[in-house]
Amino acid sequence: MDFITVLLIALGLAMDAFAVALGVGTTRKNVWFRPGFRLAFHFGLFQFMMPIIGWTVGETIVRFIANWDHWVAFGLLAYVGGKMVKESFEEGESHNSADPTRKWTLVMLAIATSIDALAVGLSLAMVQVQILYPSIVFGIVAAAMTVIGLALGKRLGVKFGKRMELVGGLVLIGIGLRVLISHIVV
């Protein structure tokens, strides 16, 4: 598989990570250095690991996960997005008690944004593509797109304030709905 094809797949897979990072960047006062690194590292790591898992485990687990992966992704993104929307209507500075760059929220967002990569790994196994090189590219691109999303979100958040917190929450809910609808309609 040539580099351009791998890069295009990686960019497509990284769009959810970018959008989540954009939302986080608009709502968090301090996304640099540690919180931003945690988010980019986890999104990149999961985007790297999921295709390998899909490729290794094969069709059996993907069939099992495919029945509910979209519901999990939707639930996680809707929950975090709903909290952001709620906080956008609260008076004063939001304290963002649930830091999306920490603990289980971070892990769940990383899983939710990389579930599609599991299916890509399975697909690459079916066409007999070696998985390590594409997975490395997927992880690097996801981490880079996360950093770009955080930076862009930070700029928008500073300029537009609480309105961007509302927009960021709605974007996360929208991503969740897109994931859900794309799996239900197919």
* Structure fact -> Length gained, residue 5-residue 90, 0.36 nm per residue minus C-alpha separation, equals 26.1 nm
* Asked: On average, how much area does the Cα convex hull of the stretch 110-156 cover when viewed from any direction, in nm²?
  -> 3.6
* To do: Sticking with the crude label model, points 7 Å out along Cα→Cβ, report the distance from residue 104 to residue 177 in nm, one decimal please.
  => 2.7
* Asked: With no solvent and one point per C-alpha, what does the Debye sum give as log10 I(q)/I(0) for the stretch 1-43 at q = 0.21, 0.23, 0.24 Å⁻¹?
  -> -0.71, -0.78, -0.81
* Peptide ranges 3-15, 134-146 listed from the most packed, as the mean C-beta count within 10 angstrom indicates -> 134-146, 3-15
* To do: For residue 33 and residue 170, calculate 0.36 nm times their separation in residues minus their Cα-Cα distance, and state this gained length in nm to one decimal.
  => 46.8 nm
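None of the figures in this text is laboratory data; all of them are computed from the coordinates on show. On a predicted model such as this, the values are computed, not experimentally measured, just so you know. Note that each Cβ is placed from the backbone with ideal geometry, even for glycine, and that neighbours are counted across all protein chains shown.
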